[in-house]
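Everything below concerns the one structure shown next.
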Amino acid sequence: MTKTNNTCNTCISDLTRRDFLKVAGAVAGGLTATGALTNSALASSGGGDIPLEDQKAMLYDATYCVGCRECELACKEDNQLKEEDVDDLSGHTFTLIKLYQSEDGSEESFRKYQCMHCVEPACVISCPVGALEKTANGPVLYESLKCIGCRYCMQACPYGVPAYDWSEAYPLIAKCDLCYDRQDGTACALACSPGALISGTRGELLEIAKERIAANPGKYHEDRVFGEHDGGGTSFLILSGVAFENIGLPPLTEESIPEQGHTATKAVPYIFGGAAGLMALAYRATMSSEERAQIQEEYSKEEGETA
Amino acid sequence: MTTITIPKIKKEVPLFILFLAVVALLGIFAMGTRWIYGLGAVTNLSDTRPWGLWISFDLAVMAFSGSAFSLAALTHMFHRYKYHNIARVALISGFVGYISAAAALTVELGRPERLWHYFFYWNTHSPLFEVGMCVITYLLILTLEFLPMLLKKLEWNRMLKGIHFFEIPIVAAGIILSSGHQSSLGSISLALPLKLHPLWYTPMLPVIFFISALTSGFAMAILVGLLGMRFFKDWHFKKGVFSGLGRYLLVFLSITLLIKLGELAYAGELGLMFENSYQGKMFLIENAMYILPIIILLIPKINKRRPWIFRAAALSVGGLVMHRFNVSFVGLAGAQYYPTWQELLSTAGLAAIGIILFWLIASNLPLMEDEKEASSQ
């Protein structure tokens, strides 16, 4: 053991340097383990064992939508939400139909707002306490009991979906759960009489969407389905007759948001490990010759004792 | 009767601190309104603007609390013992900074009573989880680093010796943890590629957050050191401490600025700042507050004079605070937002509590090692 004699009582000066190196190594090791866990968790966040094409999903064909808002009513009833008059999704409104009109009035389209149930959701990766979960069957679910109310999910969601009940002193997040407990589809799709909303598996819905595109060339924007690949894919697929950005869909790349941040997360353990290593190096390299001599002395003393 | 000697607490309270105490009380009152009436009633936050002044305050305070780790690294890892006393001051300012930032969470979170969930429900791939964990552990480390001063004052020598044995590992762990969390504060915004203005959004955000926190650590140490010498007559620092810190500040300011502008140039987005937009102007002001101190610190005679070093340090702390506000507020898309009086008052109150706490610690604990002890190192 090193003696703590003469020098400053309250600082680290007279040290057990070897112990420091050991501990720094252990700290770095521990953090590296956490980092490794991080990466494997990310890899498996794609929805468990059920293949993507068999997961629960919905298709919204905006060209079929007449704006009757029966879906909104059905959602309110099914989730027992209170009536309110709002312009955006809110703590009491999980889905909303909005009308887009171009300035000259030549073009118009409805758009159904609701949780997109992303394949790799930004909200799930951002929540620090894991209150949001991508379930194996597709729906992204919110566990209100875990939530601490940091609102990072609201910030991270590119579609602006998670909403708060701001009138509460201790509020919770609210959003669509894709009627995860219903076997017969979703309440809103069942209520849709024009056939704009269909629920089913992601695979069969993509097939229907592609058939419609093939049968009506030029009818749909870019002849593609929004959500097949956008932002890593969604379980709420959209067909639109007008440009996606006109009905408020964000310009996402095919890379999901968690995937984009992944590079940074992946670097964490190396940064921690590197920092510990660099510090140990700096510690040795910048030591004065007197200090070196002092350590030498300590070493030889200890060896003398054990011998 | 057993006697426990409790050291005398300094009695005379300066007017300035009394004023801050009033601000603190008003702040606690404003915080009370949030706990009773809720976020919706007392803030201007909304679904499209879920983060406001409190988050920016947290980011800014945590950044300049980097003084604790910049100076700890300099003194103890790089063996620059000359900075020993100023490192103590930096440690205390970091410590109180983290305490007031953590206290802000009690109003900022929707469910502050569930803060303990951090320990039970882990989502290891959330940057915010990383931040939270690092902050909690780092606060513990800071407490351990701070404890010896308290124990020395109380003359609990056996405990002092116990803690003393672990000091180097504690300091090293502290530096690693705070480096990690400063950069993960930057990763938080990586999840917002569509919301954050391209002037600030870059994959380099974690690096920028880390380097700029390190930089402002030096600036903050200069500020607190020079300001503190007016209030505490017993504060003394070795010759050349401030001009030395000024040199480190110059080096790190330049690195930060190079990374920030270099990355923008690489992305071909330099032109954005000259667009006559609100964000463009804010970006220009922010970076002017980096460039001005660099100029001041480059001028040969001026960079040795304390008033100018002080000005340079104040400017760079300002630039850092601007950067954090820009990333978390100015540059973020969302609904119109301006803080309410409750948000402003509670933030002022939290800052006041931090300063009062600093004053209490600095006027009662032995921060300064005297020359003899320090020289024996």
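The values are calculated or read from the model by the stated rules, or taken from the named source; none is laboratory data. Bear in mind the structure is a predicted one, so any value in this text is a computation, not a measurement. In this analysis, Cβ positions are derived from the backbone assuming ideal geometry, glycine residues included, and neighbour counts consider all displayed protein chains.
What to note about this one:
- Region B:238-267: number of residues that are over 22 Å from the mean Cα position of the chain (by Cα) and surrounded by 19 or more Cβ atoms within 10 Å (Cβ to Cβ): 1
- Within region B:158-168, at least one residue is β-branched (Val, Ile, Thr), out of contact with any Lys or Arg (no Cβ under 6 Å at 6 or more places or on another chain) and farther than 24 Å from residue B:99 by Cβ.
- Within region B:16-60, tally of residues that are of a type in the set (A, V, I, L, M), farther than 23 Å from residue A:156 by Cα and more than 14 Å from chain A (Cβ to nearest Cβ): 11
- Selection within region B:166-190: residues that are more than 22 Å from residue B:61 (Cα to Cα) and either β-branched (Val, Ile, Thr) or more than 7 Å from every other protein chain (Cβ to nearest Cβ) (or both). The member of this set that is farthest from the chain's Cα centre (by Cα) is B:166.
- The condition of being more than 15 Å from the chain's Cα centre (by Cα) and either modelled with pLDDT of 90 or more or more than 9 Å from every other protein chain (Cβ to nearest Cβ) (or both) does not hold for residue B:138.
- Exclusive hit being buried (at least 22 other Cβ atoms within 10 Å of the Cβ), closer than 18 Å to residue B:67 by Cβ and of a type in the set (Ser, Thr, Tyr), set B:328, B:316: B:316
- Residue B:104 vs. criteria aliphatic (A, V, I, L, M), within 29 Å of residue B:224 (Cα to Cα) and facing chain A (nearest Cβ under 9 Å): no
- Failed criterion for residue A:198 (all others in (1) surrounded by 20 or more Cβ atoms within 10 Å (Cβ to Cβ); (2) within 14 Å of chain B (Cβ to nearest Cβ) hold): (2)
- Note on region B:65-82: among residues that are surrounded by fewer than 24 Cβ atoms within 10 Å (Cβ to Cβ) and of a type outside the set (A, V, I, L, M, F, W, C), the one that is farthest from residue B:138 (Cα to Cα) is B:82.
- Any hit, region A:94-102, residues being crowded, with 20+ Cβ neighbours inside 10 Å, in a strand (DSSP E or B) and in contact (Cβ under 8 Å) with a residue 40 or more places away in the chain: no
- Filter pass, residue A:136 being at pLDDT 90 or above, crowded, with 20+ Cβ neighbours inside 10 Å and not aromatic (Phe, Trp, Tyr): no
- In this structure, residue A:82 does not qualify as modelled with pLDDT of 90 or more, more than 22 Å from residue B:49 (Cα to Cα), among the basic types (Lys, Arg) and assigned to a loop (DSSP other than H, G, I, E, B).
- Residues located in region B:191-214, provided they are outside any loop (DSSP other than H, G, I, E, B) and either more than 29 Å from residue B:90 (Cβ to Cβ) or more than 22 Å from the chain's Cα centre (by Cα) (or both): B:191, B:196
- Of all residues in region A:270-307, those being modelled with pLDDT of 65 or more and either in the same structural domain as residue A:125 (by TED's automatic domain parsing) or not in a helix (DSSP H, G or I) (or both) number 3.
- Annotation: residue B:149 fulfils all but one of (1) in contact (Cβ under 8 Å) with a residue 40 or more places away in the chain; (2) of a type outside the set (D, E, K, R); (3) more than 11 Å from every other protein chain (Cβ to nearest Cβ); the unmet one is (3).
- On the stretch given as region B:17-37, residues that are out of contact with any Ser or Thr (no Cβ under 6 Å at 6 or more places or on another chain), closer than 11 Å to residue B:342 by Cα and aliphatic (A, V, I, L, M) total 2.
- Of the residues making up region B:28-86, those that are closer than 30 Å to residue A:166 by Cα and charged (D, E, K, R) are B:34, B:47, B:49, B:58.
- Within region A:137-156, the set of residues being over 20 Å from residue B:130 (Cβ atoms) and not aliphatic (A, V, I, L, M) comprises A:137, A:138, A:139, A:142, A:143, A:144.
- The numbered conditions (1) farther than 27 Å from residue A:132 by Cβ; (2) in a helix (DSSP H, G or I); (3) out of contact with any helix residue (DSSP H, G or I) (no Cβ under 6 Å at 6 or more places or on another chain) are all true for residue B:86 except (3).
- Looking only at residues in region B:109-135 that are among the aliphatic types (A, V, I, L, M) and at the interface with chain A (Cβ under 7 Å from one of its Cβ atoms), the one that is farthest from residue B:191 (Cα to Cα) is B:115.
- Criterion: out of contact with any strand residue (DSSP E or B) (no Cβ under 7 Å at 6 or more places or on another chain) and closer than 20 Å to residue B:215 by Cβ - qualifying residue of B:41, B:21, B:68: B:68
- Single match in A:141, A:190 (criterion: surrounded by fewer than 22 Cβ atoms within 10 Å (Cβ to Cβ), outside any loop (DSSP other than H, G, I, E, B) and without any contact (Cβ under 8 Å) to a residue 40 or more places away in the chain): A:141
- Residues in region B:268-290 include none that are within 19 Å of the chain's Cα centre (by Cα), touching a residue at least 60 places away in the same chain (Cβ under 8 Å), over 23 Å from residue B:193 (Cβ atoms) and buried (at least 21 other Cβ atoms within 10 Å of the Cβ).
- Scanning region A:198-231 for residues that are more than 22 Å from residue A:159 (Cα to Cα) and basic (Lys, Arg) turns up A:210, A:212, A:219.
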